[in-house]
């Protein structure tokens, strides 16, 4: 399909100007630019995928490298949302000629932009698309698919910690007889996790998703109970222990703070609980999927974020040590933890 | 005569007949294939999708054609869904649908036998309208009854171009129809419940916020009873001459009962607004009205009227009924509380309500939230609640963000805090005075 090739030149020039305006949080300027590009005949799909999407990626990287604040990131995302709206309005008269696709973010997933972009690209390819929003609860999704059956569910997940929820939603869609395509950074770099969780299709990005669906939606995979991953016994046990592990981690941090003559409380305490929550959450998901790469990818990313902020990894390694000693009777978990330490070391 | 339907059955052509297909040499194979198909029907809860799978799964292992006739509609045409092997060089199984008119049905005596419960398994006689599903008469047809909860729900017809069905196979078809009936009954029950829930939801889900000149509005919520998106919190914004009204409340209790009260309050407010505009007087009237209907149930509430100021900014006149104080996020990120006071609405006869007037400078955001926000508990820190201090902290980082983003950010923070735990309704409404400057797009 010619559509799957990005339009060079025009879109590339727009992309630079657009990013500059978003970086300055100049919403009217950014939207004007998109309006102008559309009038100039720049392909709407190219605007979505070669201008708005890469800008959002750069904003995310900006946060990672500590150049952007969370507030900046939110404001930039809001501009991205509005810009998508401008592109959508441009093609508003189009009548969908193909089947109905429901696009949703996994429960707990608040990064809505990738899913919206996908939805709009599919719309441009003639699909009748409905966007259910960010963090869609599984029960709501089930009822929705029951009320208005769809030909396909497109599920977006940016953070692997929501993959357990993703599994529930894929199962729910299957019960409604709706095949599923999944995508987003949460599913990792290939289709391993998607297949494991029972999705019919996985796409690395919106263009590839549209290409995969060029010949129509996939058939529902046969219901095979044996193929449903059964999380290891250790998964259930570590989930139960999560509260305890976080407490142990907090006590450890308290001691470290005390040694420096400081008191761990207020925002610093919340921060510590949140960080420990993330670490244990990634650990449990990697156990659920029996895929240590989920945990090591997270630690590699964490290391990058810490480096950018000049925080030594020593404290993180110490926490990993505490987890190892707490989970000594969980051999699989220890393997995952040790692989994690190797990445940090 | 047979009336061609929405997407009429395409007869099997020579090519597909000639193509080699999965051998089904023995009845053992048929029995096994039908058992496996029946197992795969298990989890499906959507009736339309389920019927597609019901006809799709036996093809081609058991038969080259499978049709489901839906007898539940009663009276009118009989809808059918059929699956057959691909033709014109297309591989796989194709599914289509249509309907038989009454006069066609009249010619199919086997269908009548099945509908009346007179027969469980019938062989349609030559010349039957069912032959229109295949290119030329011949081969063997077999129809079996599908029983729902009590009555016959439909009929399944199988066709084999080469050879017939032996007794063991007919028994297996009847068994399959039995499983199909059970699966369909549970799917229909589930659909019935889902419809009931969505009807309730349709009446109570907050309306989308209107576009109001001179103000930026935002709202976000996550209800305790997720699927139905209904519960004890409510909010509304209405444009009125010279400005707009807003209401925000949190009724006592949870689930359906709370939802019913929410609906009553919203309707009452709508009616009272016809005769009263002052938030405080409105609240007093509402209090009496709710006391009359059910003194056991009450609600916390903030009612406000907002008018634009000539020099930019907004003037808010708000009445309070025991609700957490609204917060105002300043342009510099400072967060101030606009305490109103008052007690629950609908609890006591001479309830003292309060009202206040305050201004929002350009760029300032008024945030009203339900106690589900502050009382959300973090399972990782021994059930600690979010509390007001953290809400202030989050909002302080939201200075300069558009109102919808502020609301989403706060609800997102609370959701992360909960880590997937049970919670009360979490609802946030924001009213923002557009920022000053040449860039303003009101």
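The values are calculated or read from the model by the stated rules, or taken from the named source; none is laboratory data. This structure is a prediction, so every number in the text was calculated from the model and none was measured. Cβ atoms come from the backbone with ideal geometry, glycine included; neighbour counts cover every protein chain shown.
Assorted remarks:
- Hey, residue B:442 at pLDDT below 90 and more than 10 Å from every other protein chain (Cβ to nearest Cβ) or not: yes
- Residues of segment B:230-253 that are over 20 Å from the mean Cα position of the chain (by Cα) and at pLDDT below 90: B:251, B:252, B:253.
- Of residues in segment A:136-153 being closer than 17 Å to residue A:166 by Cβ and without any contact (Cβ under 8 Å) to a residue 40 or more places away in the chain, the one surrounded by the fewest Cβ atoms within 10 Å (Cβ to Cβ): A:139
- Here B:352, B:362, B:326 are screened, and the one residue that is more than 31 Å from the chain's Cα centre (by Cα) and surrounded by 23 or more Cβ atoms within 10 Å (Cβ to Cβ) is B:326.
- Residues in segment B:177-193 include at least one that is over 30 Å from residue A:144 (Cβ atoms) and in contact with a strand residue (DSSP E or B) (Cβ under 9 Å, 6 or more places away or on another chain).
- Filtered residue count, segment A:69-80, keeping only those that are more than 9 Å from chain B (Cβ to nearest Cβ), surrounded by fewer than 21 Cβ atoms within 10 Å (Cβ to Cβ) and either in contact with a helix residue (DSSP H, G or I) (Cβ under 7 Å, 6 or more places away or on another chain) or at positive phi (or both): 1
- Filtered by the rule that a residue be crowded, with 18+ Cβ neighbours inside 10 Å and assigned to a helix (DSSP H, G or I), segment B:372-389 gives B:372, B:373, B:380, B:381.
- The set of residues in segment A:156-172 being under 27 Å from residue B:192 (Cβ atoms), more than 10 Å from chain B (Cβ to nearest Cβ) and touching a helix residue (DSSP H, G or I) at 6+ places or on another chain (Cβ under 7 Å) consists of A:168, A:169.
- Scanning segment A:260-273 for residues that are under 27 Å from residue B:418 (Cα atoms), buried (at least 16 other Cβ atoms within 10 Å of the Cβ), within 14 Å of chain B (Cβ to nearest Cβ) and in contact (Cβ under 8 Å) with a residue 24 or more places away in the chain turns up at least one hit.
- Single condition residue A:231 does not satisfy, out of (1) under 26 Å from the mean Cα position of the chain (by Cα); (2) not in a loop (DSSP other than H, G, I, E, B): (2)
- Among residues of segment A:173-185 being modelled with pLDDT of 90 or more and buried (at least 23 other Cβ atoms within 10 Å of the Cβ), the one that is nearest to the other protein chains (Cβ to nearest Cβ) is A:178.
For every residue, the table says whether it meets (1) within 14 Å of chain A (Cβ to nearest Cβ); (2) part of a loop (DSSP other than H, G, I, E, B).
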residue	(1), (2)
B:318	no, no
B:325	no, yes
B:342	no, yes
B:358	no, no
B:362	no, yes
B:391	yes, no
B:395	yes, no
B:412	yes, no
B:415	yes, no
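- Test set (1) farther than 23 Å from residue B:60 by Cα; (2) free of Cβ contacts under 8 Å to residues at least 12 places away in the same chain; (3) touching a helix residue (DSSP H, G or I) at 6+ places or on another chain (Cβ under 7 Å) - residue B:192 fails condition number: (3)
- Residue among A:60, A:10, A:85 that alone is in contact (Cβ under 8 Å) with a residue 24 or more places away in the chain and on the phi < 0 side of the Ramachandran plot: A:10
- Test: residue A:280 is closer than 20 Å to residue A:192 by Cα and either surrounded by 15 or more Cβ atoms within 10 Å (Cβ to Cβ) or out of contact with any strand residue (DSSP E or B) (no Cβ under 9 Å at 6 or more places or on another chain) (or both): no
- Of the numbered criteria (1) more than 13 Å from chain A (Cβ to nearest Cβ); (2) surrounded by 19 or more Cβ atoms within 10 Å (Cβ to Cβ); (3) at pLDDT 90 or above, the one residue B:403 fails is (1).
- Taken as a whole, the condition of being in contact with a helix residue (DSSP H, G or I) (Cβ under 7 Å, 6 or more places away or on another chain) and either outside any loop (DSSP other than H, G, I, E, B) or over 15 Å from residue A:316 (Cβ atoms) (or both) does not apply to residue A:237.
- The lone criterion from (1) modelled with pLDDT under 90; (2) touching a helix residue (DSSP H, G or I) at 6+ places or on another chain (Cβ under 8 Å); (3) surrounded by fewer than 17 Cβ atoms within 10 Å (Cβ to Cβ); (4) within 19 Å of residue B:352 (Cβ to Cβ) left unmet by residue B:298 is number (3).
- Lone qualifier among B:393, B:372, B:382, B:341 - being touching a strand residue (DSSP E or B) at 6+ places or on another chain (Cβ under 7 Å) and free of Cβ contacts under 8 Å to residues at least 40 places away in the same chain: B:341
- Qualifying residue in segment B:200-211 (condition: assigned by TED's automatic domain parsing to the domain that holds residue B:301, buried (at least 17 other Cβ atoms within 10 Å of the Cβ) and modelled with pLDDT of 85 or more): yes
- Criterion violated by residue B:289 - all others in (1) in contact with a strand residue (DSSP E or B) (Cβ under 9 Å, 6 or more places away or on another chain); (2) without any contact (Cβ under 8 Å) to a residue 60 or more places away in the chain satisfied: (1)
- Helices (runs of 4 or more DSSP H) completely within segment B:1-78 that count 3 or more residues being at pLDDT below 85 and loosely packed, with under 14 Cβ neighbours inside 10 Å: B:14-18
- Count of segment A:308-345 residues which are more than 21 Å from residue A:285 (Cβ to Cβ) and in contact (Cβ under 8 Å) with a residue 40 or more places away in the chain: 4
- Set B:219, B:227: member being modelled with pLDDT of 90 or more, within 14 Å of another protein chain (Cβ to nearest Cβ) and over 19 Å from residue B:297 (Cβ atoms): B:219
- Across segment A:201-224, the qualifying residues are those that are at pLDDT 95 or above and closer than 30 Å to residue B:42 by Cβ, and the one among them that is surrounded by the fewest Cβ atoms within 10 Å (Cβ to Cβ) is A:212.
- Looking across segment A:306-329 at every residue that is more than 26 Å from the chain's Cα centre (by Cα) and assigned to a loop (DSSP other than H, G, I, E, B), the one that is modelled with the lowest pLDDT is identified as A:312.
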